[in-house]
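Here's the structure, in structure tokens; my notes come after.
The values are calculated or read from the model by the stated rules, or taken from the named source; none is laboratory data. Quantities reported herein were computed from a predicted structural model and do not represent experimental measurements. A quick note on method: Cβ atoms are made from the backbone with ideal geometry, for glycine too, and the neighbour counts reach across all protein chains shown. Ligands, DNA and RNA are excluded from the accessible area calculation, which covers all protein heavy atoms including side chains. Shrake-Rupley method; radii C 1.70, N 1.55, O 1.52, S 1.80 Å.
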Amino acid sequence: MDNRPIGFFDSGIGGLTSIPYIMRRLPDERIIFFGDTARTPYGSKSPDTIRQFTMQIGEFMVKNNVKMMVIACNTISATCIGELREKYPGIPIISAISPTARVVAENCNPGNNIGILATKVTIKSGAYVDKIQDKNKNLKNLFSAACPAFVPLIEEGIIDNEIMDLTIKYYLDDFMKDYEIDTLVLGCTHYPLISANLKRIYPGVNIINSSKEAAVAVNIELEKNNLLADSRSGDNVFYASDLSENFMNMIQLILGKEQEELNIRFKNLDL
Ligand code: DGL
């Protein structure tokens, strides 16, 4: 049993999409969230910059005495989870990619045509293809598409909207048709916010969601390591490096609560 908080982080608001699963399944857990809204998106930045920002966030999480870190960001997971684990060997660190890759490996068969959607950095790293094939060598029909405009649009709240639908079609119409995709892996924690658009535009497609799978992995790891909380030790706190109007609107939309009920704070992590 451990009543210290769990530290979730992302380049922006995307990682918030993991939080409702935790709130519903594990209401005793206290959450510290950091979204680097001032520096988002990470997905087209260089690995060195992503690494530098991530180490700052890691330090902030450790100062907050977290019992576990959750990299609710595929881009960071693909770039520098190894360095973070090396620096903090005593803290379990959950990736967004491995749990999602495991679900793909366990639930798909060689007949499936699997489309992996993610940021440029995540796709370029090859992390999804490598991890899926590590776990299931028979899955050969793995196709990747980088969709760099999704994150800035989502951060702007441009979601239930014709501009988003056109952007989805721009990136994916040919991809879906040419490879006869039947399964989409949302390999970016921002993308669950457009899963309704994807289901509407490509009806019948099976969606695997990295935000959900990261949250499920948190539950499993807490249980396995005997780290579950047995009572709430304080409020959840949501930090962002820029408290813009967009961020305030999006956090309310994702968590379904009024801003007054959410403990939202500004945190600048610049060195
Ligand atoms: N939500 C992120 C991910 O899962 C990062 C997106 C970005 O900042 O480009 O990759």
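Considering only residues that are surrounded by 18 or more Cβ atoms within 10 Å (Cβ to Cβ) and part of a loop (DSSP other than H, G, I, E, B), look in the range 171-196 and name the one that is farthest from the ligand (Cβ to nearest atom). So, considering only residues that are surrounded by 18 or more Cβ atoms within 10 Å (Cβ to Cβ) and part of a loop (DSSP other than H, G, I, E, B), the one farthest from the ligand (Cβ to nearest atom) is Ile181. Of the residues Ile132, Ile168, Ile114, Ile93, the single one that is aliphatic (A, V, I, L, M), open to solvent by less than 20 Å² (accessible area, probe 1.4 Å), more than 13 Å from the ligand (Cβ to nearest atom) and within 16 Å of the chain's Cα centre (by Cα) is Ile93. Residues to consider are Glu221, Glu213, Glu162, Glu156; find the one that is surrounded by fewer than 16 Cβ atoms within 10 Å (Cβ to Cβ) and touching a residue at least 12 places away in the same chain (Cβ under 8 Å). Unique residue meeting the criteria: Glu156.
Here is a yes/no grid of residues against (1) within 16 Å of the ligand (Cβ to nearest atom); (2) crowded, with 23+ Cβ neighbours inside 10 Å:
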{"residue": "Pro5", "(1), (2)": "no, yes"}
{"residue": "Asp10", "(1), (2)": "yes, yes"}
{"residue": "Ile13", "(1), (2)": "yes, yes"}
{"residue": "Thr17", "(1), (2)": "yes, yes"}
{"residue": "Pro47", "(1), (2)": "yes, no"}
{"residue": "Asn65", "(1), (2)": "no, no"}
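Checking each residue in the range 88-141 for being within 26 Å of Lys67 (Cα to Cα) and in contact with a strand residue (DSSP E or B) (Cβ under 8 Å, 6 or more places away or on another chain) picks out Tyr88, Ile91, Pro92, Ile93, Ile94, Ser95, Ala96, Thr100, Val103. Scanning the range 96-111 for residues that are buried (at least 23 other Cβ atoms within 10 Å of the Cβ) and in contact (Cβ under 8 Å) with a residue 60 or more places away in the chain returns Ala96, Ile97, Thr100, Val104.
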